[in-house]
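Presented below is the structure to which this report refers.
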Amino acid sequence: MITPRLGALATAVLVGALLSSCTGASPDAGTTTGGTPSASGRASSSASALDGEATLARLHLVRQVIDADAEAALADLDAAVYIASPTFSTEQSVLELTAALEPVAAVPVRGDAWGYALTVVDGRLMMTTNDCLAESLGWAECAHVNTVAHGVLQRHPETAAYALDFHGLTADAQGDGFFGDRYVPVACDASIAACGLSGGTEGPDHVYDCQIVHYRDGEQVWSWSALEHMPEGVIDQASTTAVFSASDPFHCNSMQVSDDGGTLYVSMKGVSTVVAVDIATGDVLWTFGDYAGPEALQVSDPDGLLGDRQLLSGNHDIQLLDDGRFTIFDNGSSGVGVARFLVVSVDDGVATIERVVEDSSGRTSECMGSATPLVADESLWAVSWGCGSSGVEIVTAEGDPIVRLTADGTALRAQELVYGIGTFSDEIAATVAYRALVARPGLVADA
């Protein structure tokens with residue numbers, strides 16, 4: 001059974017220590033407590049009221065209403081959607097949008113503040129950055145944390161000392177620390193199953209371990225290694241899939257922790273698996289994916305929602321719901337199928353598929369993506385459809401789009417895009433957001 005961490009609209013617990021540099025401080029300076037962003041954190045750009053149409057045009061974003069009646073009803077919702085967009089633009093902004101995806105406020109983001117994962121901690125926006133990207137561009141070796149407080153973007157480059165990856169951060173249950181991930185190179189030897197899996201070649205000379213770390217009061221108090229704890233059978237099974245990489249076998253990309261602090265949930269793209277970890281022992285409690293070993297949850301699909309395809313392929317952004325449930329975004333990577341998200345309930349070793357919603361455009365995705373309930377009854381969802389031109393949508397529980405935000409990939413490729421993404425396709429350049437975060441209004445607009 002999952003101990004719920006997130007309700008439909010709640011996105012984090014209070015973590016005063018993590019963001020103490022912003023609490024009660026002038027927007028032009030930071031202070032520090034323990035492992036939080038320190039006094040070297042510096043103010044950058046500030047938010048302001050804006051002309052929504054002009055802002056979208058400047059960012060080469062296009063808003064489209066699909067269902068006018070349903071879109072009008074969104075005005076009554078007390079919720080906002082936050083994105084760092086466009087994903088690969090060097091002129092990115094952190095945008096606060098209404099529930100109907102209309103811009104309310106924006107903070108420009110440039111250079112080393114360029115953002116990936118957005119989350120909310122202590123009532124403020126926090127995001128990871130693209131510092132120290134690996135040669136493959138798939139992860140970072142010293143990402144740092146930036147925050148938005150008082151309508152101002154504050155950079156905290158000193159957090160690069162934590163050697164974090166950019167994929168995700170989440171608050172701990174105690175409210176004074178956080179979990180993050182690392183990609184750690186490990187020299188190959190006979191004990192590492194992935195070392196012998198490289199398409200029939202001699203294999204890599206090292207692999208990247210997924211390590212989840214817990215920081216409190218400036219100190220690392222806990223860590224977990226996928227190489228040490230994941231069942232070997234997970235890698236054996238994943239090695240038969242197109243999304244698997246022998247040198248980066250796990251590719252962790254998001255994590256959540258239960259309210260009681262006892263269980264960590266991790267999304268792993270490389271093995272197309274969600275894993276639950278006992279924090280006290282490090283043991284794997286269960287896995288959710290195509291691996292069929294003793295740790296695997298039995299999958300129940302009474303309504304036949306999954307279809308005839310691999311359960312997950314390149315999954316991303318696990319989020320805990322209530323009543324022992326979670327949602328996971330399934331990119332359908334490497335031609336497996338249309339991008340989709342799943343709502344799953346877990347009880348007594350059984351994972352029951354409650355809902356599967358596909359991208360109505362029929363596109364697949366190779367990376368990123370998220371799905372978050374916009375309202376408590378889960379009748380509406382904010383979805384980032386991952387890498388590609390489907391963008392961010394508000395959809396019904398049945399998957400019918402109401403309003404959509406897309407990016408002009410051709411126009412963006414004419415600009416300077418981060419790490420040469422412009423040499424790729426218009427489709428990839430048109431990626432709108434790493435994730436679409438649902439939270440209370442005012443996190444950017446309220447200075």
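FYI, it's all coordinate maths here, none of it is from the lab. Here the structure is a predicted model, which is why all the values come from computation and not from measurement. We place every Cβ from the backbone using ideal geometry, glycine too, and count neighbours over all the protein chains shown.
Evaluating 6.51 cos²θ - 1.76 cosθ + 1.60 at θ = phi - 60° for every residue in the range 133-143, the Karplus couplings come out as 5, 5, 4, 6, 6, x, 7, 10, 9, 8, 4 Hz, glycine and proline recorded as x. Each peptide in 158-164, 433-439, 183-189 was scored by the mean count of other Cβ atoms within 10 Å over its residues; highest first, the order is 433-439, 158-164, 183-189.
Amide hydrogen proximity for GLY218: with H placed 1.01 Å from N in the peptide plane, the residues at 5 or more positions away or on another chain lying under 5 Å are GLY35, THR36. On a C-alpha basis, how far is the centre of the range 381-447 from the centre of the range 270-294 in Å? Whole number, if you could? Centre-to-centre distance over Cα atoms comes out at 30 Å.
Each residue in SER300, SER85 was given a count of other beta-carbon atoms within 10 angstrom of its own, and listing them fewest first yields SER300, SER85. Converting phi to 3J(HN,Hα) with the Karplus coefficients 6.51, -1.76 and 1.60 and the offset θ = phi - 60°, the range 93-110 yields 9, 7, 10, 9, 10, 5, 4, 9, 6, 8, x, 10, 7, 8, 10, x, 10, 9 Hz in sequence order, with x at every glycine or proline. With the Cα gyration tensor of the range 248-384 giving a ≥ b ≥ c as the square roots of its eigenvalues, does the rule (a/c under 1.5 for rounded; else a/b larger than b/c for prolate; else oblate) give rounded, prolate or oblate? In terms of gyration-tensor shape, rounded. In sequence order, the range 183-191 has phi-based couplings of 10, 10, x, 10, 4, 6, 8, 5, 7 Hz under the Karplus curve 6.51 cos²θ - 1.76 cosθ + 1.60, θ = phi - 60°, and Gly or Pro positions carry x. Only Cα pairs under 8 Å and 6+ residues apart enter the sum, and on that basis the relative contact order of the chain stands at 18 percent. For SER365, the residues whose modelled amide H falls within less than 5 Å of its own, excluding neighbours fewer than 5 places apart on the same chain, are SER333, ALA339. For the range 303-348, applying the loop criterion from DSSP together with a ceiling of 16 other beta carbons within 10 Å to the trypsin sites (Lys or Arg not before Pro) yields ARG309.
Of the peptides 360-372, 342-354, the order by per-residue mean of other Cβ atoms within 10 Å, starting with the highest, comes out as 360-372, 342-354. Scanning residues 5 or more positions from LEU285 or on other chains, those with amide H under 5 Å from its amide H are ALA276, VAL277, ASP278, with H placed 1.01 Å from N in the peptide plane. Top mean-square fluctuation among ILE328, ILE428, ILE66, Gaussian network model of the chain, C-alpha springs under 10 Å? Its mean-square fluctuation being the largest, the pick is ILE66. Of (i) 34, 26, 24; (ii) 30, 26, 22; (iii) 36, 25, 19, which one was derived for semi-axes √(5λ) of the Cα gyration tensor in Å from the structure shown? Given (i) 34, 26, 24; (ii) 30, 26, 22; (iii) 36, 25, 19, the calculated one carries the label (ii). Comparing Cα centroids, the range 92-163 and the range 237-265 end up 22 angstrom apart.
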